[in-house]
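Undergrad: Quick one: the structure is below, questions incoming.
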Amino acid sequence: MSGKNLFGEGGAFAPMLKKVIENSLEAEMEAHQDEQERTKGIKRSGKGKKTLKSRFDSFEIDTPEDRQSSFEPVLVKKRQTILADQLCGKIIGLYGLGMSYRDISAHIKEMCDTDISHTVLSQITDRIIPEVKA
């Protein structure tokens, strides 16, 4: 209604995505804290903050935490800061098409507005290519 881009900086998409991600993480935490886990003494310890980058915008989310740090979220993993669907798969696909690490790095920079070094790209391909061949 205001004429702003839905997906750009300050757009409406980032707040909606933030809400969906936070609600999903809460559901994951509730599933993690089933009756068996509570008998082991696993209790919530509050929330942490994390800034995620998407191809549309950067935004901060609240992440649930437990006292023993045993909660491993699936949607947004620990230490993950780039919200990209199967980024490793995309890197392997680009590598398989014959793109150089430099070209892949430039493409990821354009798509996700983040820098991935040639070394990291090499490590990703070195780890995943043997799995793909198997």
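Nothing in this text is a laboratory measurement; each read-out follows from the coordinates by a stated rule. Note that the structure is predicted; figures quoted are calculated from it, not measured.
Undergrad: If the chain between ASN23 and THR81 were fully stretched, how many nm would it gain, using 0.36 nm times the residue separation less the Cα-Cα distance? Please list the in-between numbers first.
TA: Values: separation 58, 0.36 × 58 = 20.88 nm, distance 1.77 nm.
Extending this stretch completely gives an extra 19.1 nm.
Undergrad: OK, next. Can you work out ³J(HN,Hα) from phi for every residue in segment 17-31, in order, using Karplus 6.51 cos²θ - 1.76 cosθ + 1.60 and θ = phi - 60°, giving whole Hz and x for Gly and Pro?
TA: 5, 4, 5, 4, 5, 4, 5, 5, 5, 4, 5, 5, 5, 4, 5
Undergrad: Here's another thing I want to ask about it. List every residue whose amide H lies under 5 Å from the amide H of ILE82, counting only residues 5 or more places away in sequence or on a different chain, with H placed 1.01 Å from N in the peptide plane.
TA: LYS53
Undergrad: Which cross-chain or sequence-distant (5 or more) residues have an amide H under 5 Å from the amide H of THR63, H modelled 1.01 Å from N in plane?
TA: Correct list: GLY48, LYS49, LYS50.
Undergrad: Now for a different question. What is the gain in length, in nm to one decimal, between ASP34 and GLU65 on full extension, counting 0.36 nm per residue of separation less the C-alpha to C-alpha distance?
TA: On the way: separation 31, 0.36 × 31 = 11.16 nm, distance 1.47 nm.
So the chain would gain 9.7 nm between ASP34 and GLU65.
Undergrad: Grab the Cα-Cα distance for ALA106 and VAL120, subtract it from 0.36 nm times how many residues apart they are, and report the gain in nm with one decimal. Let's see the in-between values first.
TA: Working: separation 14, 0.36 × 14 = 5.04 nm, distance 1.35 nm.
Roughly 3.7 nm would be gained on extension.
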